Ligand SMILES: O=P(O)(O)OC[C@H]1O[C@H](O[C@H]2O[C@H](CO)[C@@H](O)[C@H](O)[C@H]2O)[C@H](O)[C@@H](O)[C@@H]1O
(Lines give C-alpha, C1' and ligand atoms only; values in the text may rest on other atoms or scores of the structure.)
Protein backbone atom coordinates (compact mmCIF):
# COMPACT_ATOMS: atom_id res chain seq x y z
CA UNK A 1 0.00 0.00 0.00
CA UNK A 2 1.59 3.17 -1.21
CA UNK A 3 0.98 6.85 -0.71
CA UNK A 4 1.43 8.96 -3.87
CA UNK A 5 2.78 12.52 -3.36
CA UNK A 6 6.16 12.55 -1.64
CA UNK A 7 6.37 8.75 -1.69
CA UNK A 8 6.09 7.56 -5.29
CA UNK A 9 6.76 10.97 -6.78
CA UNK A 10 8.79 13.88 -5.40
CA UNK A 11 6.96 16.92 -4.02
CA UNK A 12 6.74 19.69 -6.65
CA UNK A 13 5.47 23.28 -6.32
CA UNK A 14 2.46 22.77 -8.60
CA UNK A 15 0.18 19.82 -7.62
CA UNK A 16 -0.98 19.44 -11.23
CA UNK A 17 2.57 18.54 -12.26
CA UNK A 18 3.18 15.61 -9.90
CA UNK A 19 3.71 13.00 -12.63
CA UNK A 20 5.20 9.64 -11.77
CA UNK A 21 8.75 9.09 -13.10
CA UNK A 22 9.07 6.31 -15.69
CA UNK A 23 11.05 4.17 -13.27
CA UNK A 24 8.19 4.33 -10.75
CA UNK A 25 5.72 3.25 -13.44
CA UNK A 26 7.87 0.26 -14.40
CA UNK A 27 8.22 -0.85 -10.79
CA UNK A 28 4.51 -0.52 -10.07
CA UNK A 29 3.64 -2.43 -13.24
CA UNK A 30 5.93 -5.25 -12.18
CA UNK A 31 4.41 -5.39 -8.69
CA UNK A 32 0.85 -5.38 -10.11
CA UNK A 33 1.71 -8.45 -12.18
CA UNK A 34 3.25 -10.31 -9.24
CA UNK A 35 0.96 -13.30 -8.42
CA UNK A 36 1.29 -12.90 -4.65
CA UNK A 37 1.09 -9.14 -4.29
CA UNK A 38 -1.88 -6.80 -4.13
CA UNK A 39 -1.04 -3.16 -4.92
CA UNK A 40 -3.04 -0.18 -3.65
CA UNK A 41 -2.39 3.53 -3.97
CA UNK A 42 -3.71 5.31 -0.85
CA UNK A 43 -3.75 9.05 -1.46
CA UNK A 44 -5.32 12.36 -0.53
CA UNK A 45 -5.97 12.91 -4.23
CA UNK A 46 -9.23 11.81 -5.82
CA UNK A 47 -9.35 8.47 -7.64
CA UNK A 48 -9.88 10.12 -11.08
CA UNK A 49 -6.85 12.34 -10.48
CA UNK A 50 -4.69 9.39 -9.47
CA UNK A 51 -5.79 7.45 -12.53
CA UNK A 52 -4.96 10.45 -14.70
CA UNK A 53 -1.43 10.65 -13.32
CA UNK A 54 -1.03 6.88 -13.59
CA UNK A 55 -2.94 6.35 -16.86
CA UNK A 56 0.02 4.28 -18.09
CA UNK A 57 -1.12 1.65 -15.55
CA UNK A 58 -4.67 1.43 -16.96
CA UNK A 59 -5.80 -2.19 -16.97
CA UNK A 60 -3.30 -3.26 -14.30
CA UNK A 61 -4.55 -4.94 -11.13
CA UNK A 62 -4.25 -1.94 -8.86
CA UNK A 63 -6.64 -0.72 -6.15
CA UNK A 64 -7.22 3.04 -6.07
CA UNK A 65 -7.96 4.71 -2.74
CA UNK A 66 -8.60 8.43 -3.02
CA UNK A 67 -9.54 11.31 -0.68
CA UNK A 68 -7.64 9.71 2.21
CA UNK A 69 -9.82 6.61 1.89
CA UNK A 70 -13.09 8.49 1.25
CA UNK A 71 -13.43 6.65 -2.08
CA UNK A 72 -12.05 3.27 -3.16
CA UNK A 73 -12.07 1.62 -6.60
CA UNK A 74 -11.63 -2.15 -6.52
CA UNK A 75 -10.69 -3.43 -9.99
CA UNK A 76 -11.18 -7.11 -9.07
CA UNK A 77 -14.92 -6.58 -8.57
CA UNK A 78 -15.23 -3.35 -10.61
CA UNK A 79 -16.72 -1.62 -7.54
CA UNK A 80 -16.46 2.05 -6.66
CA UNK A 81 -16.99 2.37 -2.90
CA UNK A 82 -17.87 5.74 -1.44
CA UNK A 83 -18.79 6.88 2.04
CA UNK A 84 -22.55 6.31 2.67
CA UNK A 85 -23.20 9.93 3.73
CA UNK A 86 -21.36 11.31 0.72
CA UNK A 87 -24.15 13.34 -0.89
CA UNK A 88 -25.28 14.87 2.40
CA UNK A 89 -21.67 15.82 3.21
CA UNK A 90 -21.27 17.45 -0.20
CA UNK A 91 -24.30 19.61 0.57
CA UNK A 92 -22.89 20.48 4.01
CA UNK A 93 -19.52 21.35 2.48
CA UNK A 94 -20.99 24.01 0.19
CA UNK A 95 -21.55 26.81 2.79
CA UNK A 96 -18.13 26.08 4.29
CA UNK A 97 -16.54 26.29 0.82
CA UNK A 98 -18.23 29.68 0.33
CA UNK A 99 -17.06 30.87 3.75
CA UNK A 100 -13.43 29.84 3.09
CA UNK A 101 -13.47 31.36 -0.38
CA UNK A 102 -14.99 34.56 1.01
CA UNK A 103 -12.38 34.94 3.73
CA UNK A 104 -9.43 34.18 1.42
CA UNK A 105 -10.78 36.64 -1.15
CA UNK A 106 -11.42 39.36 1.46
CA UNK A 107 -7.78 39.18 2.54
CA UNK A 108 -6.44 38.86 -1.03
CA UNK A 109 -4.73 35.61 -0.11
CA UNK A 110 -5.70 34.03 -3.44
CA UNK A 111 -3.53 36.63 -5.18
CA UNK A 112 -0.63 35.91 -2.84
CA UNK A 113 0.23 32.27 -3.52
CA UNK A 114 -2.69 30.55 -1.77
CA UNK A 115 -5.03 28.41 -3.84
CA UNK A 116 -7.89 25.97 -3.32
CA UNK A 117 -7.87 22.51 -4.88
CA UNK A 118 -11.56 21.57 -4.94
CA UNK A 119 -12.09 17.80 -4.78
CA UNK A 120 -15.92 18.03 -4.49
CA UNK A 121 -16.03 16.00 -1.24
CA UNK A 122 -13.11 17.90 0.27
CA UNK A 123 -11.03 21.04 -0.20
CA UNK A 124 -7.25 21.36 -0.09
CA UNK A 125 -6.04 24.88 0.65
CA UNK A 126 -2.46 25.03 -0.61
CA UNK A 127 0.10 27.60 0.54
CA UNK A 128 3.46 26.22 -0.68
CA UNK A 129 3.91 29.18 -3.04
CA UNK A 130 3.01 31.90 -0.49
CA UNK A 131 5.40 34.07 1.55
CA UNK A 132 5.84 33.14 5.23
CA UNK A 133 3.57 35.90 6.69
CA UNK A 134 0.83 34.88 4.26
CA UNK A 135 1.19 31.22 5.29
CA UNK A 136 0.86 32.22 8.95
CA UNK A 137 -2.20 34.37 8.26
CA UNK A 138 -3.87 31.60 6.27
CA UNK A 139 -3.25 29.00 9.00
CA UNK A 140 -4.60 31.41 11.63
CA UNK A 141 -7.73 32.12 9.56
CA UNK A 142 -8.50 28.47 8.95
CA UNK A 143 -8.05 27.37 12.56
CA UNK A 144 -10.09 30.36 13.79
CA UNK A 145 -12.89 29.43 11.41
CA UNK A 146 -12.93 25.84 12.67
CA UNK A 147 -12.83 26.97 16.31
CA UNK A 148 -15.48 29.67 16.01
CA UNK A 149 -18.16 28.38 13.63
CA UNK A 150 -18.99 24.95 15.02
CA UNK A 151 -22.36 24.47 13.21
CA UNK A 152 -20.65 25.09 9.87
CA UNK A 153 -17.49 23.06 10.44
CA UNK A 154 -18.67 20.19 12.70
CA UNK A 155 -19.07 17.53 9.97
CA UNK A 156 -15.48 18.15 8.84
CA UNK A 157 -11.92 18.09 10.13
CA UNK A 158 -9.08 20.43 9.31
CA UNK A 159 -6.15 18.21 8.46
CA UNK A 160 -2.64 19.58 7.94
CA UNK A 161 -0.37 18.15 5.27
CA UNK A 162 2.71 19.33 3.40
CA UNK A 163 2.11 23.07 2.93
CA UNK A 164 -1.61 22.38 2.74
CA UNK A 165 -4.66 22.40 5.00
CA UNK A 166 -7.39 20.01 3.97
CA UNK A 167 -11.06 20.21 4.90
CA UNK A 168 -12.60 16.76 4.76
CA UNK A 169 -15.21 14.56 6.47
CA UNK A 170 -14.05 12.95 9.74
CA UNK A 171 -14.45 9.44 8.33
CA UNK A 172 -11.94 10.02 5.50
CA UNK A 173 -8.93 8.41 7.11
CA UNK A 174 -6.04 6.39 5.70
CA UNK A 175 -5.99 4.15 8.79
CA UNK A 176 -9.61 3.06 8.19
CA UNK A 177 -8.80 2.54 4.53
CA UNK A 178 -5.78 0.32 5.23
CA UNK A 179 -7.75 -1.71 7.81
CA UNK A 180 -10.51 -2.22 5.21
CA UNK A 181 -8.06 -3.45 2.55
CA UNK A 182 -6.24 -5.67 5.05
CA UNK A 183 -9.50 -7.44 5.95
CA UNK A 184 -10.70 -7.60 2.35
CA UNK A 185 -7.49 -9.21 1.10
CA UNK A 186 -6.90 -11.24 4.26
CA UNK A 187 -3.36 -9.97 4.17
CA UNK A 188 -0.67 -12.27 5.56
CA UNK A 189 2.15 -9.75 5.29
CA UNK A 190 1.41 -6.13 4.43
CA UNK A 191 3.54 -3.07 3.85
CA UNK A 192 2.61 0.63 3.85
CA UNK A 193 4.91 3.42 2.64
CA UNK A 194 4.08 7.10 3.14
CA UNK A 195 5.62 10.46 3.87
CA UNK A 196 3.06 12.76 5.49
CA UNK A 197 1.24 13.22 8.80
CA UNK A 198 -1.87 11.77 7.14
CA UNK A 199 0.04 8.49 6.69
CA UNK A 200 0.59 8.08 10.43
CA UNK A 201 -2.90 6.57 10.89
CA UNK A 202 -2.02 3.97 8.26
CA UNK A 203 1.33 3.20 9.94
CA UNK A 204 -0.50 2.60 13.24
CA UNK A 205 -2.89 0.08 11.65
CA UNK A 206 -0.11 -1.74 9.82
CA UNK A 207 2.04 -1.88 12.96
CA UNK A 208 -0.85 -3.27 15.03
CA UNK A 209 -1.32 -6.03 12.46
CA UNK A 210 2.33 -7.06 12.33
CA UNK A 211 3.05 -5.47 8.95
CA UNK A 212 5.88 -3.33 7.71
CA UNK A 213 5.62 0.47 7.87
CA UNK A 214 8.07 2.80 6.12
CA UNK A 215 8.16 6.60 6.31
CA UNK A 216 9.84 8.75 3.67
CA UNK A 217 11.95 11.76 4.62
CA UNK A 218 11.16 11.63 8.36
CA UNK A 219 13.55 11.78 11.27
CA UNK A 220 13.47 9.17 14.06
CA UNK A 221 10.99 10.09 16.79
CA UNK A 222 8.70 12.01 14.41
CA UNK A 223 6.89 8.98 12.98
CA UNK A 224 5.28 5.74 14.08
CA UNK A 225 6.74 3.95 11.06
CA UNK A 226 9.22 1.19 11.83
CA UNK A 227 11.66 2.18 9.09
CA UNK A 228 12.67 5.39 7.38
CA UNK A 229 13.83 6.04 3.83
CA UNK A 230 15.27 9.41 3.00
CA UNK A 231 13.73 10.02 -0.46
CA UNK A 232 11.63 8.71 -3.33
CA UNK A 233 14.65 6.98 -4.93
CA UNK A 234 14.94 4.81 -1.79
CA UNK A 235 11.25 3.91 -2.04
CA UNK A 236 11.99 2.55 -5.50
CA UNK A 237 14.73 0.35 -4.03
CA UNK A 238 12.18 -1.02 -1.55
CA UNK A 239 9.75 -1.73 -4.42
CA UNK A 240 12.49 -3.61 -6.27
CA UNK A 241 13.11 -5.72 -3.15
CA UNK A 242 9.38 -6.37 -2.61
CA UNK A 243 8.94 -7.53 -6.20
CA UNK A 244 11.88 -9.94 -6.20
O1 LIG B 1 -1.78 11.38 0.24
P2 LIG B 1 -0.88 11.93 -0.83
O3 LIG B 1 -0.84 11.09 -2.06
O4 LIG B 1 0.49 12.24 -0.31
O5 LIG B 1 -1.56 13.30 -1.26
C6 LIG B 1 -1.55 14.41 -0.35
C7 LIG B 1 -1.83 15.70 -1.10
O8 LIG B 1 -0.88 15.75 -2.18
C9 LIG B 1 -0.96 16.85 -3.06
O10 LIG B 1 -0.40 17.98 -2.43
C11 LIG B 1 0.95 17.80 -2.04
O12 LIG B 1 1.77 17.50 -3.18
C13 LIG B 1 1.87 18.60 -4.15
C14 LIG B 1 2.68 18.09 -5.34
O15 LIG B 1 3.94 17.62 -4.98
C16 LIG B 1 2.51 19.81 -3.47
O17 LIG B 1 2.60 20.89 -4.39
C18 LIG B 1 1.66 20.21 -2.26
O19 LIG B 1 2.31 21.27 -1.55
C20 LIG B 1 1.49 19.02 -1.31
O21 LIG B 1 0.59 19.34 -0.24
C22 LIG B 1 -2.36 17.08 -3.56
O23 LIG B 1 -2.43 18.30 -4.25
C24 LIG B 1 -3.42 17.00 -2.46
O25 LIG B 1 -4.70 16.98 -3.04
C26 LIG B 1 -3.22 15.70 -1.68
O27 LIG B 1 -4.20 15.60 -0.65
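The values are calculated or read from the model by the stated rules, or taken from the named source; none is laboratory data. Remember, predicted model here, so these are calculated numbers, not experimental data. A quick note on method: Cβ atoms are made from the backbone with ideal geometry, for glycine too, and the neighbour counts reach across all protein chains shown.
When the residues of segment 18-47 are narrowed to those that are in contact with a strand residue (DSSP E or B) (Cβ under 8 Å, 6 or more places away or on another chain) and surrounded by fewer than 17 Cβ atoms within 10 Å (Cβ to Cβ), which ends up nearest to residue 231 (Cα to Cα)? The residue in question is 21.
Scanning segment 96-121 for residues that are closer than 20 Å to residue 46 by Cα, in a loop (DSSP other than H, G, I, E, B) and more than 15 Å from the ligand (Cβ to nearest atom) yields no hits at all. Determine if segment 78-90 includes at least one residue that is without any contact (Cβ under 8 Å) to a residue 12 or more places away in the chain, away from the ligand (no atom under 16 Å from the Cβ) and either surrounded by 19 or more Cβ atoms within 10 Å (Cβ to Cβ) or assigned to a strand (DSSP E or B) (or both). Within segment 78-90, one or more residues are without any contact (Cβ under 8 Å) to a residue 12 or more places away in the chain, away from the ligand (no atom under 16 Å from the Cβ) and either surrounded by 19 or more Cβ atoms within 10 Å (Cβ to Cβ) or assigned to a strand (DSSP E or B) (or both).
With respect to the conditions (1) in a loop (DSSP other than H, G, I, E, B); (2) within 21 Å of residue 198 (Cα to Cα), residue 35 falls short on a single one, namely (2).
Looking only at residues in segment 185-205 that are away from the ligand (no atom under 15 Å from the Cβ) and in contact (Cβ under 8 Å) with a residue 40 or more places away in the chain, which one is surrounded by the most Cβ atoms within 10 Å (Cβ to Cβ)? Checking each candidate, the answer is 190.
Restricting attention to segment 212-244, the residues that are more than 15 Å from residue 192 (Cβ to Cβ), surrounded by 13 or more Cβ atoms within 10 Å (Cβ to Cβ) and at pLDDT below 95 add up to 1.
Evaluate the following for residue 119: is it surrounded by fewer than 20 Cβ atoms within 10 Å (Cβ to Cβ) and under 20 Å from residue 12 (Cβ atoms)? No; evaluated as a whole, the condition is false for this residue.
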